[in-house]
Amino acid sequence: VFDNVTIAPGVLLHFFQEVKANYRAIPFHNFHHGMSTLHYTFKMIQVAKLSEHLGHAEMFAMLMAALCHDVDHRGYNNAFEIMTRSELALRYNDSSPLENHHCARTFELALNKDECNFFQDLDQGNYNLIRKRMIAGILATDMKHHGQHVTILKEFEVGESSESQSQFLVEVVLHAADISNPFMPSAPSQKWCACLNEEFSLQAEKEAELGLPVTSFMCGLREPQGAAKSVLGFIDFVIIPFTSSVFRIWPELDEMRQFLDQNRAAAAAVLEEGKKSHDEDVEFQSRTK
């Protein structure tokens, strides 16, 4: 991909360093998450053979968007930004304030310094295409689009290349990579879940501190049972409706499906163990009365 896009030597390295410096030190939406999303975007492009349906410039756009998709994230979700009337919510009129900010910040970092401007040697056509795909991909990571993606994917089949299909592929793959924690191998999956739970817990604490309604699904996540219940709910009601179509369209991604099944079983086992312990405690207390 990079061999087929004209970029001056050293520019990507400088841009990469600038992006890294602009990610914040927060539990989940940090530079490591950006790199993880980049990794899974590349993995899906490669394993699902998306090079047969997308051009080099489009795949380049996907990879750059994956790296930058959460740059300068503040650690709170869109609902919090809107509820607190934050600078971003006001600037973007409550419409995907975080994702719009990630887009804008990405292009600011690229265009404001010559040594970071990986667009400078591109012709206007490639610049327009890459910018369009990057914006679409990053904006599509807002979870408000998840339901629409699920609906479209139910009937979707990869066909002849077209503008609409190419853009949809970029959106779906980037969204999948962004929420890939549940279909990673067990160890990194558990690590990322713990990071997300901590970030959610910090938001719930901040909401309580500010006297705002506390987001219910962000509570109790530091306890094993609460964390397992959260994972199980996310897998059953968010991930599986989405990935059931993704894995049908691209059966080459079956390894990810297997990891998803294993992670679901592990979360269910934690819940079952907790229920068993609770039942034993109740039985013990009834006997000692």
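The values are calculated or read from the model by the stated rules, or taken from the named source; none is laboratory data. If you're wondering where the values come from, they're calculated on a predicted model, not measured in any experiment. Glycine also receives a Cβ, built like all others from the backbone with ideal geometry; neighbour counts cover every protein chain displayed. Only protein heavy atoms, including side chains, enter the accessible area calculation; ligands, DNA and RNA are left aside. Shrake-Rupley method; radii C 1.70, N 1.55, O 1.52, S 1.80 Å.
Does the range 225-257 hold any residues that are among the polar types (S, T, N, Q) and under 20 Å from LYS154 (Cβ atoms), and which are they? Across the range 225-257, the qualifying residues are THR243, SER244, SER245. The residue of the range 212-258 that is nearest to GLY274 (Cα to Cα), among those that are of a type in the set (Phe, Trp, Tyr) and open to solvent by 80 Å² or more (accessible area, probe 1.4 Å), is PHE217. Taking every residue in the range 3-15 that is of a type in the set (Gly, Ala, Ser) and pairing it with any residue that is part of a helix (DSSP H, G or I), at least 6 positions away or on another chain, yields no pair with a Cβ-Cβ distance below 7 Å. Considering the range 93-119, and only residues there that are polar (S, T, N, Q) and surrounded by 15 or more Cβ atoms within 10 Å (Cβ to Cβ), the residue that is farthest from MET62 (Cα to Cα) turns out to be SER96.
Could you tell me whether the range 3-18 includes any residue that is among the β-branched types (Val, Ile, Thr), closer than 23 Å to TRP250 by Cβ and modelled with pLDDT of 95 or more?
Step one: filter the range 3-18 for residues among the β-branched types (Val, Ile, Thr), giving 5-7, 11.
Checking which are closer than 23 Å to TRP250 by Cβ leaves us with none.
Within the range 3-18, not a single residue is among the β-branched types (Val, Ile, Thr), closer than 23 Å to TRP250 by Cβ and modelled with pLDDT of 95 or more.
Could you look through the range 61-85, keep only residues that are assigned to a helix (DSSP H, G or I) and free of Cβ contacts under 8 Å to residues at least 60 places away in the same chain, and pick out the one that is nearest to PHE15 (Cα to Cα)?
Going through the qualifying residues, I end up with LEU67.
Just so you know, in the range 36-60 the residues that are in a loop (DSSP other than H, G, I, E, B) and over 16 Å from SER164 (Cα atoms) include one that is most open to solvent (accessible area, probe 1.4 Å), and it is LYS49. Restricting the first member to the range 162-184 and to residues that are under 24 Å from ALA265 (Cβ atoms) and free of Cβ contacts under 8 Å to residues at least 60 places away in the same chain, and the second to residues that are part of a helix (DSSP H, G or I) and among the aromatic types (Phe, Trp, Tyr), the beta-carbon pairs closer than 9 Å and six or more apart or on different chains are ASN181/TRP192; ASN181/PHE234. Applying the condition of being among the hydrophobic types (A, V, I, L, M, F, W, C) and either in a helix (DSSP H, G or I) or open to solvent by 70 Å² or more (accessible area, probe 1.4 Å) (or both) to the range 13-35 and asking which residue is farthest from LEU221 (Cα to Cα) yields LEU13. Kindly evaluate LEU90 against the criterion of being surrounded by fewer than 18 Cβ atoms within 10 Å (Cβ to Cβ) and in contact with a Pro (Cβ under 9 Å, 6 or more places away or on another chain). It is true that LEU90 is surrounded by fewer than 18 Cβ atoms within 10 Å (Cβ to Cβ) and in contact with a Pro (Cβ under 9 Å, 6 or more places away or on another chain).
Tell me whether the range 166-186 contains one or more residues that are in a helix (DSSP H, G or I), open to solvent by 70 Å² or more (accessible area, probe 1.4 Å) and at pLDDT 95 or above. Looking through the range 166-186, none of the residues is in a helix (DSSP H, G or I), open to solvent by 70 Å² or more (accessible area, probe 1.4 Å) and at pLDDT 95 or above.
When the range 187-211 is filtered for residues that are open to solvent by 40 Å² or more (accessible area, probe 1.4 Å) and among the acidic types (Asp, Glu), the ones remaining, listed by number, are GLU198, GLU205, GLU209. Scanning the range 124-154 for residues that are without any contact (Cβ under 8 Å) to a residue 60 or more places away in the chain, open to solvent by less than 20 Å² (accessible area, probe 1.4 Å) and farther than 12 Å from GLN167 by Cβ turns up nothing.
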